[in-house]
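What follows is a single structure, written as structure tokens, with notes after it.
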Amino acid sequence: MIVAGDAAGIVAPASGEGIYYAMTGGRHVASAAHKFLMTGQPAALKSARRSFMREHGRVFWILGMMQYFWYSSDKRRERFVAMCADPDVQKLTWQAYMNKKLVRADPMAHLRIFLKDTAHLLGIGAVRH
Ligand SMILES: Cc1cc2nc3c(=O)[nH]c(=O)nc-3n(C[C@H](O)[C@H](O)[C@H](O)COP(=O)(O)OP(=O)(O)OC[C@H]3O[C@@H](n4cnc5c(N)ncnc54)[C@H](O)[C@@H]3O)c2cc1C
């Protein structure tokens, strides 16, 4: 048996994005099923998860860390939402969202985001409602 999409648990942490990953994951599953049919080796089915994680594991890991930290309480969730309104964060996440990979921003944007993140974390930043 081989599963894909939500059944395989490949919804991106933090963003909850599962449509793209279900579709691309389906391709990995089809290719693994093909490999199995050609070789008769059930172990070939494992290659679906392996190749999917090779492509998206890093992004899932980072989003998982973000979810673990920012979604751990209502207060942190509010700060996370407020942080997402920031133009630098919007620009960075939009690129990552569209291209499905981590993107480099200009170093000053990273520094600004880091300083603003820290301010949010310490409760210095204002929370918008
Ligand atoms: C409220 C909500 C908002 C979301 N928003 C987003 C978003 O903005 N962007 C995004 O990328 N993802 C979003 N997701 C996640 C996304 O919808 C899922 O990750 C994605 O649809 C998973 O696709 P799938 O094909 O694995 O499963 P599904 O789309 O759930 O498809 C499974 C299908 O199997 C059918 N089925 C179930 N059991 C049987 C059976 N026994 N026999 C025959 N058919 C069966 C179901 O009826 C269903 O049609 C959201 C999810 C929810 C719940």
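Taken together, the values in this text are just the output of simple stated rules run on the coordinates, not laboratory data. The structure displayed is predicted, hence computed values, not measured ones. Cβ sites come from the backbone with ideal geometry, for glycine too, and all protein chains shown count toward neighbours.
Here are the numbers for this structure:
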{"read-out": "Kirkwood Rh (inverse of mean 1/r, distinct Cα pairs), the chain, angstrom", "value": "16.6 Å"}
{"read-out": "Using a Förster distance of 41 Å, the FRET efficiency for Met66-Ala30 (Cβ separation, nearest 0.05)", "value": "0.85"}
{"read-out": "Set of lysines with alpha-carbon distance to Lys101 below 19 Å, sequence-local pairs under 8 removed", "value": "Lys91"}
{"read-out": "Net charge, Gly57 excluded, C-beta distance under 10 Å - Lys, Arg +1, Asp, Glu -1", "value": "+3"}
{"read-out": "Phi to ³J(HN,Hα) by Karplus 6.51 cos²θ - 1.76 cosθ + 1.60 over segment 86-98, Hz, x for Gly, Pro", "value": "5, x, 5, 5, 4, 5, 5, 6, 5, 4, 5, 5, 6"}
{"read-out": "Förster radius 22 Å - calculated FRET efficiency between Arg77 and Asn99, Cβ distance, rounded to 0.05", "value": "0.25"}
{"read-out": "Estimated inter-spin distance, Asp106 and Lys46, nm [label 7 Å along Cα→Cβ]", "value": "4.8 nm"}
{"read-out": "Under Karplus coefficients 6.51, -1.76 and 1.60, residue-wise ³J(HN,Hα) of segment 50-59 in Hz, glycine/proline x", "value": "4, 6, 5, 5, 4, 7, 10, x, 5, 5"}
{"read-out": "Peptides 69-75, 113-119 ordered by average Cβ neighbours within 10 Å, highest first", "value": "113-119, 69-75"}
{"read-out": "Equivalent-ellipsoid semi-axes of segment 1-72, from the Cα gyration tensor, Å, largest first", "value": "27, 11, 9"}
